[in-house]
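**Student:** Mind having a look at this structure? Questions to follow.
The values are calculated or read from the model by the stated rules, or taken from the named source; none is laboratory data. This is a predicted model, so every value here is computed, not measured. Backbone-built Cβ (ideal geometry, glycine too); neighbour counts: all protein chains shown. Ligands, DNA and RNA are excluded from the accessible area calculation, which covers all protein heavy atoms including side chains. Shrake-Rupley method; radii C 1.70, N 1.55, O 1.52, S 1.80 Å.
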Amino acid sequence: MTSTSTTTERTGPGMALLAVLMPAILVTVTASDMVVLMLPTIGAEFGASEAELAWVVTGFLLMFSVGIPLYGRISDRVSLRRLFAFALVVYAVGSLICAISPSLAVLVIGRIVTGIGAAAIPVLSIIAVTRLLPANKRGVGIGVVSAGAGIGTAAGPAVGGGVGELLGWPALFWIMFAVSLLLLPAALRVLPDESPAGGGRLDLPGGILLGLGAGLVLFGMTQAQVNGFTAPLSWGSLVVAVAALVLFGLRTVRVEQPFVPPALFTNRVYRTGILVAFLAMIVNLGGLVFVPLLVVEVNGLTPGEGALVMIPAGVAVALLSPLIGRLADRVGTRSLVLAGLTLIGVFSLSLSTFTGGSSVIPAGIGIFGLSIGFILVMTTLIGAAAGELPPEQAGVGLGILQGAQFLGAGTGPAVFGVLVSARQQSGSDAINPLFSGDDGAAYSDVFLAMAAVVVLTLIVASRMRPAAVPAVAPAQEAKSVL
């Protein structure tokens, strides 16, 4: 009787928690790229140049990449309820500013405010699952939250193109405003207000240096997408970013309580996971940005029609993520990560080879397989990191891991965007000898470059040691080892 009661108590709050976290992370991650396909419409309305329009995306991503590790570290000192509520309120305010913006400058300010709020949701969601769910439910919980992030990432351009074309781009922000306000009372109800014990002193200068370095890397990459890497603002930002990160590293080894404990990077699970997450996200966002652009530019679809190509990938991510989270506890990290990366590589090569014809089916199949491979990689990595990090380092550790992931989200489209522009200007044939399409050679080269990045990521991931799954009783949890 006692056992049944305990199980019910755990299952009920767990389901309520995931019912809040999943839609919260879905809408905030969706906001990242939902305006991509509507930028020409916004530019025409405000009379803005391409460089000015880039700030609509860049402003959000800058705050996102800077904020994620900061929120992760602060969560070791402040209660989840207060941080989550603050994030949703700020997100709602930013969405409202965007929805009523009379000029591009106000829209960019709104996107910056929205990014400040949105940055908290992914990392706080993973931390909440890690802290509040029992160990035997944690894999599924991480899978559900990862499903929200995966669907949001895939759905961003699709939702933006479809809803924006049907109702106008301000409707995108009105929807986000309404959803965030609806989630606020639910979050206050299910999240605890207890502050973690033993958080230590907050190394604010270290956090500023880390945020400055991450933000300037992303800014330099996005400027390179518009103006090329030779532009002073592009390479200058990257140089200053490197200097800030070097200073951050020096401070980390010299102060008594650094922003990021150096012990984190002695853990092979964590160290390898950061690099794999960064590289995998470069490829994933490259696909999610350039497949919709491909079907619009090469296949002649409208943004709304192009959004339909992305729907199967989003559905697959939603259905498979919880199963992957459960599977990772049984199979082990290394095998699933390598399998996921192999899928990403195969379907990147497929996109490079078969997407030059009149049919959009190869593009849909390609992004479908790529998305499944990516969610296999990221769900497994986040679960492994959450299991390996000690409680006092979980907040900052997961913040850094997800910060690397979303830094890759900004880097991928920027780097591949420069490649697309260069190849379109040259007008030469595709590098891939198997490509036989009449148009889209530049996109074929981008997808081929993505496949090359996957090969590099596979080399990094192969350093993971196979997970040993001991033969223990079902009540005991098998722990993945990298």
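**Student:** Compute the length gained on full extension between A422 and Q257: take 0.36 nm times their separation in residues and subtract their Cα-Cα distance, giving the result in nm to one decimal.
**Tutor:** 54.8 nm
**Student:** At a threshold of 8 angstrom on Cα-Cα distance, excluding pairs fewer than six apart, so keeping six or more, what relative contact order does region 149-272 reach in percent?
**Tutor:** This gives 20 percent for region 149-272.
**Student:** May I pose another question? Please work out the FRET efficiency for the pair L308 and E52, using the Cβ-Cβ distance as r and a Förster radius of 51 Å; give the result to the nearest 0.05.
**Tutor:** Efficiency for this residue pair is about 0.95.
**Student:** I would also like to ask the following. Please label the shape of region 106-199 as rounded, prolate or oblate, based on the square roots a ≥ b ≥ c of the eigenvalues of the alpha-carbon gyration tensor (a/c under 1.5 means rounded; beyond that, a/b larger than b/c means prolate, else oblate).
**Tutor:** On the way: a/c = 2.45, a/b = 1.72, b/c = 1.42.
It comes out prolate by the Cα gyration axes.
**Student:** On full extension of the chain, what length is gained from D193 through I100, given 0.36 nm per residue of separation minus the C-alpha to C-alpha distance?
**Tutor:** Numbers: separation 93, 0.36 × 93 = 33.48 nm, distance 3.37 nm.
Gain on extension, D193 to I100, equals 30.1 nm.
**Student:** Once a ≥ b ≥ c are taken as the square roots of the eigenvalues of the Cα gyration tensor of region 345-422, is the result rounded (a/c under 1.5), prolate (a/b larger than b/c) or oblate (a/b not larger than b/c)?
**Tutor:** oblate
**Student:** Once R0 is set to 30 Å, what does the formula 1/(1 + (r/R0)^6) return for the Cβ-Cβ distance between A339 and R201, expressed as a FRET efficiency to the nearest 0.05? Walk me through the intermediate numbers first.
**Tutor:** Numbers: r = 42 Å, r/R0 = 1.41.
My answer for the efficiency is 0.10.
**Student:** Given the chain reduced to its alpha-carbon atoms as identical point scatterers, what log10 I(q)/I(0) does the Debye formula return at q = 0.05, 0.07, 0.12 Å⁻¹?
**Tutor:** -0.17, -0.34, -1.05
**Student:** Among I274, L448, V298, whose Cα projects farthest towards the positive end of the dipole of the chain, with charges put on the beta-carbon of Lys, Arg (+1) and Asp, Glu (-1)?
**Tutor:** Result: I274, furthest along the dipole toward the positive end.
**Student:** Once the Cβ-Cβ distance between L166 and F229 is put in as r, and R0 is 51 Å, what FRET efficiency do you end up with, to the nearest 0.05?
**Tutor:** In this case the efficiency is close to 0.85.
**Student:** Further, regarding this structure: Taking the Cα centre of the chain as origin and charging only Cβ (+1 Lys, Arg; -1 Asp, Glu), how large is the dipole, in debye to the nearest 20?
**Tutor:** 1600 debye
**Student:** Still on this model: Name the longest site-free stretch of the chain, where the excluded sites are GluC sites (Glu not before Pro) in a DSSP loop with no more than 10 other beta-carbon atoms within 10 Å.
**Tutor:** Of all site-free stretches, the longest is 257-482.
**Student:** By how many nm would the segment from A135 to M15 grow when fully extended, if each residue of separation counts as 0.36 nm and the alpha-carbon distance is taken off?
**Tutor:** 41.7 nm
**Student:** Right, another one. Using a cut-off of under 11 Å, list every residue of region 208-224 whose amide N is near the label point 7 Å from the Cα of L247 along the Cα-to-beta-carbon line.
**Tutor:** What the label zone holds, given the 11 Å backbone N cut-off, is 208-210, 212-213.
**Student:** Moving on to the next point. Accessible area per residue for region 219-270 in Å², computed with a 1.4 Å probe and the full protein assembly in place, what is it?
**Tutor:** 53 Å²
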